[in-house]
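The values are calculated or read from the model by the stated rules, or taken from the named source; none is laboratory data. A quick note: this is a predicted structure, and the numbers were derived from the prediction, not measured. A quick note on method: Cβ atoms are made from the backbone with ideal geometry, for glycine too, and the neighbour counts reach across all protein chains shown. For the accessible areas, the whole protein counts, side chains as well, though only heavy atoms, and no ligand, DNA or RNA atoms are used. Shrake-Rupley method; radii C 1.70, N 1.55, O 1.52, S 1.80 Å.
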Amino acid sequence: MDLSSFSSSLIVDAHYDLLMDVARLRRQGETKVIERFYLDDLRAAGVNVLVCSLFVSSEYIPEMALRVALEQIGNLHAEMRESPGKFALCRTAAEARRVVEGGGIALFLSFEGVDPLGASLQLLSVFYELGVRLIGLTWSRRNFAADGCHFHPLEEGQTGGLTAFGVALLKEAERLGMIVDVSHLNDVGFEDVFRFFGGPVIASHSNSRSVCPVARNLTDDQIRRLAARGGVMGLNNSTSFVRQDDFPPDEPRWLGLLKHAHHVVDLVGEEHLGLGLDLCEFSKPEDCRTHSVFPTYRHVVPFVEALRREFPAGAARGILGENWMRVLETLG
């Protein structure tokens, strides 16, 4: 397959749990993890900008959340020392473009749940100094800032939106110039973000609830509000967010994801759509094979080609990367 055209433009994946798996492998004694296990697949797919989430598994909550997140950032710095020039931590869109122009992969850091902060507002600025520029208040569980949106119905008490601490975090994030991510927030929390936060808002890895009616996806009204703020929604490859029934055995699964793409473009325009694939090939290999559209980044290639066929050239460039870069350009 000819991949030469992939180098002509940016391809941004706005959500990947890369550092969680890097930490696991480095604890086992591995080095140059990104270079040895990930780089070839990323390049095969043409992905040259990647937002790496700081995700903390529930087994480490609450006592070890801060340590785990700091370990993930420390591991990234160790990886950059071991593989100089191949990838770099970026804090602005301009830095990312320079890294890509030099042949490297640009990495950004994002909270997937602010569990590492505990209830300390001051720690947000510490993580900002360490390079974190995007902030998702929750994963799919409750923390000091807000309630998350569960994947499946769960027996629990009443849910709510943002706490007082969550509102304070939004105001601090706005002061710092961070981007807020509403993926994994419940509907009440989504409303609170638009009430209390005046900065850029994205949904890094969520699909359309009209196409696939699950709570983790966004309603049409939510997508419109995101677009009105100039935000972008990243297509998520999890099959449970793509369709509720079985995939036809005689067609590629990515056709279901293409349906979400067309719905969003018809609803708000192509400038508010991107990729937030949330692949899990190393961290959860069995789940990835059975519950993902794309088992690996190499399998993303036909979908990228389909987007380039289905949409005009300028629209395809936006969906594949430039829409995310427009939001990242709001970073100081």
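Worth pointing out:
- When every residue of the range 278-300 is checked against the conditions, at least one turns out to be assigned to a helix (DSSP H, G or I), of a type in the set (A, V, I, L, M, F, W, C) and in contact (Cβ under 8 Å) with a residue 60 or more places away in the chain.
- Lone qualifier among ARG36, ARG43 - being open to solvent by 50 Å² or more (accessible area, probe 1.4 Å) and under 13 Å from ASP21 (Cβ atoms): ARG36
- Those residues of the range 100-131 which are of a type in the set (A, V, I, L, M, F, W, C), assigned to a strand (DSSP E or B) and closer than 21 Å to ASP192 by Cβ, in sequence order: PHE111
- Exclusive hit being open to solvent by 10 Å² or more (accessible area, probe 1.4 Å) and closer than 27 Å to ALA106 by Cα, set ARG326, ARG224: ARG326
- Of all the listed residues (LEU76, LEU109), the sole one being open to solvent by less than 60 Å² (accessible area, probe 1.4 Å) and under 15 Å from TYR38 (Cβ atoms) is LEU76.
- Meets criteria (more than 27 Å from CYS212 (Cβ to Cβ) and either open to solvent by 50 Å² or more (accessible area, probe 1.4 Å) or among the aliphatic types (A, V, I, L, M) (or both)) for LEU162: no
- Any hit, the range 187-202, residues being of a type in the set (Asp, Glu), under 28 Å from PHE241 (Cα atoms) and free of Cβ contacts under 8 Å to residues at least 40 places away in the same chain: yes
- Criterion violated by ALA203 - all others in (1) under 30 Å from ALA164 (Cβ atoms); (2) at pLDDT below 95; (3) surrounded by 22 or more Cβ atoms within 10 Å (Cβ to Cβ); (4) among the small types (Gly, Ala, Ser) satisfied: (2)
- The single residue among GLY157, GLY198, GLY166 that is farther than 30 Å from LEU255 by Cβ and modelled with pLDDT under 95 turns out to be GLY157.
- Single residue of the range 206-221 satisfying the filter (of a type in the set (Val, Ile, Thr) and open to solvent by 30 Å² or more (accessible area, probe 1.4 Å)) that is farthest from HIS150 (Cα to Cα): VAL211
- When every residue of the range 209-218 is checked against the conditions, at least one turns out to be under 19 Å from the mean Cα position of the chain (by Cα) and polar (S, T, N, Q).
- Meets criteria (farther than 26 Å from ALA145 by Cα, buried (at least 17 other Cβ atoms within 10 Å of the Cβ), without any contact (Cβ under 8 Å) to a residue 24 or more places away in the chain and touching a strand residue (DSSP E or B) at 6+ places or on another chain (Cβ under 7 Å)) for ALA88: yes
- Qualifying residue in the range 170-185 (condition: farther than 24 Å from LEU54 by Cα, part of a helix (DSSP H, G or I) and not small (Gly, Ala, Ser)): no
- Residues that are open to solvent by 30 Å² or more (accessible area, probe 1.4 Å) and under 19 Å from GLY234 (Cα atoms) within the range 170-190 comprise just one, ASP187.
- In the range 50-63, residue nearest to ASP13 (Cα to Cα) [restricted to those that are loosely packed, with under 15 Cβ neighbours inside 10 Å and free of Cβ contacts under 8 Å to residues at least 24 places away in the same chain]: GLU59
- Unmet criterion (only one of (1) of a type outside the set (A, V, I, L, M); (2) over 20 Å from HIS150 (Cβ atoms); (3) buried (at least 19 other Cβ atoms within 10 Å of the Cβ)) for PHE247: (3)
- Of the residues making up the range 187-227, just one is assigned to a strand (DSSP E or B) and hydroxyl-bearing (Ser, Thr, Tyr), namely SER208.
- Scanning the range 143-159 for residues that are surrounded by 20 or more Cβ atoms within 10 Å (Cβ to Cβ) and assigned to a loop (DSSP other than H, G, I, E, B) yields ASN143, ALA145, ALA146, ASP147, CYS149.
- The residue list ARG133, ARG142 contains one member that is within 16 Å of ASP13 (Cβ to Cβ), among the charged types (D, E, K, R) and in contact with a strand residue (DSSP E or B) (Cβ under 7 Å, 6 or more places away or on another chain), which is ARG133.
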